[in-house]
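Report on the structure given below.
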Amino acid sequence: MVKNIAVFGATGFPGLPVVNALMAADFHVSVLSSDVDKDRELLPPGVTLVEGNWMYHRDQKRFLSQQHAVYCSLQVDMHEQPEDFHAETDGLREIINAAQECGIRRIALMSSVLQYNQVENENLWWVFNVKKDAVNYVRDCGIPHTIFYPSTFMENLQTTYRHGKTIRLHGSSSYPIYFISVKDYAAMVVRSFQKLATEDREYFLQGGDCYKMQEAAALFIKHYNGEKLKLKIMPQFLVKLYSIFDSSWKFRAGLADALNNNNEMFIADDTWAELGKPEITLTEFARNA
C-alpha cells in the first residue's frame with residue numbers, strides 16, 4: 001500500500017475534503033505550494049507543505065521524489081477559454097512527466113460522470129474535451145492509475161447554487177441525478193488507495209438519492225435547519241443571453257445545458273461492491289449543512 005500521497009488541488013473543493021480523509025486514515029499528505037503561509041491556514045495540521053511552483057519541472061521532481069502516489073483534483077475555471085492554459089490537461093501533463101521520472105507508484109484523477117455520459121456530437125461542451133484529454137493522459141502514462149467519475153456533489157446546493165437566502169438554478173433538469181456527498185466520495189478515494197496495488201481502476205461514484213436538480217434543491221430547502229431559503233429558477237434562455245456579454249455566464253450556460261440534459265444512468269454497482277455504499281442521504285446532508 002502507498003503511504004506518501006502528493007495532492008494537487010488540495011485547497012479547493014473537493015480536494016480539501018479528500019486531504020482531510022486521507023489524513024484521518026493515516027496517510028502522509030504533501031502539497032507543493034507557491035504560498036506556504038496561505039496554504040498552511042487552509043490545510044489541516046500535519047500536511048507537509050513543500051515550497052515550489054508546480055509548473056517548474058525541477059520543483060515537481062524535487063517534490064515528487066519523496067512521494068509514492070499522486071492524487072489530482074484539477075478543474076476548469078469558469079473564466080477559462082478553450083484556447084487558454086488548462087490545469088486539468090496542460091498542468092496534468094507536467095505532473096505526469098515528473099511522476100514518470102520519480103517512479104510514482106500510482107496516479108489518481110478526479111474526472112466527472114457528467115462528461116463520461118456525453119455522446120459525441122450531442123450537447124458536446126468544450127470543457128468535456130478537456131476532461132476526456134485528461135483521462136486519456138492518465139490512461140496512457142504507464143503508471144498504475146485510478147480514475148474517479150463522481151456524480152453531482154450535494155455540497156453544490158450549499159455553495160455553487162446558493163446565493164444568500166436563495167438557491168438559484170439555471171434552467172430545470174430533464175433527468176434525475178444520483179447525488180453523492182463529498183464526504184462519501186472522499187471515503188471511497190481513501191479505500192481505493194488502501195486496497196489497490198498495481199492494477200488500474202476506473203470508478204463511477206454515485207449516491208443512492210436520485211432527483212432532478214430542482215427536486216433536490218426543494219428537498220434541501222425543506223430539510224435545511226438554518227435560515228429560511230427560497231428556490232429561484234432562472235430560465236435557460238436568460239442564462240444564454242447573459243453569456244453573450246460575460247464569459248463566466250457562457251461557462252454557466254454550457255454547464256447548465258450539460259447538466260440539465262444529461263440522462264445519467266446508474267452504473268455504480270461495481271464501485272459500491274468494491275469501495276462501499278455511500279451512506280449520506282440528501283435529507284441528512286440538508287439537516288446537517
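Of note:
- Residue match in region 128-135 (condition: surrounded by 17 or more Cβ atoms within 10 Å (Cβ to Cβ), at pLDDT below 95, aromatic (Phe, Trp, Tyr) and out of contact with any His (no Cβ under 7 Å at 6 or more places or on another chain)): yes
- Region 1-26: number of residues that are crowded, with 22+ Cβ neighbours inside 10 Å and either among the hydroxyl-bearing types (Ser, Thr, Tyr) or more than 18 Å from the chain's Cα centre (by Cα) (or both): 0
- Test: residue in region 57-69 that is under 21 Å from Ser192 (Cα atoms), surrounded by 24 or more Cβ atoms within 10 Å (Cβ to Cβ) and in contact with a Leu (Cβ under 8 Å, 6 or more places away or on another chain): no
- Of all residues making up region 271-286, the number that are surrounded by 13 or more Cβ atoms within 10 Å (Cβ to Cβ), over 28 Å from Ser172 (Cβ atoms) and aliphatic (A, V, I, L, M): 1
- Residue match in region 151-158 (condition: modelled with pLDDT under 95, surrounded by 19 or more Cβ atoms within 10 Å (Cβ to Cβ), part of a loop (DSSP other than H, G, I, E, B) and not hydroxyl-bearing (Ser, Thr, Tyr)): no
- Residue ranges of helices (runs of 4 or more DSSP H) in region 205-270 with at least 2 members among the small types (Gly, Ala, Ser) and either in contact with a helix residue (DSSP H, G or I) (Cβ under 8 Å, 6 or more places away or on another chain) or surrounded by fewer than 19 Cβ atoms within 10 Å (Cβ to Cβ) (or both): 213-223, 247-260
- Criterion: modelled with pLDDT of 85 or more, among the basic types (Lys, Arg) and over 23 Å from Ile147 (Cβ atoms) - qualifying residue of Lys240, Lys222: Lys222
The values are calculated or read from the model by the stated rules, or taken from the named source; none is laboratory data. Predicted, not measured: the structure shown is a model, and the values here were computed from it. As a convention, Cβ positions derive from the backbone with ideal geometry for all residues, glycine included, and neighbour counts pool all protein chains shown.
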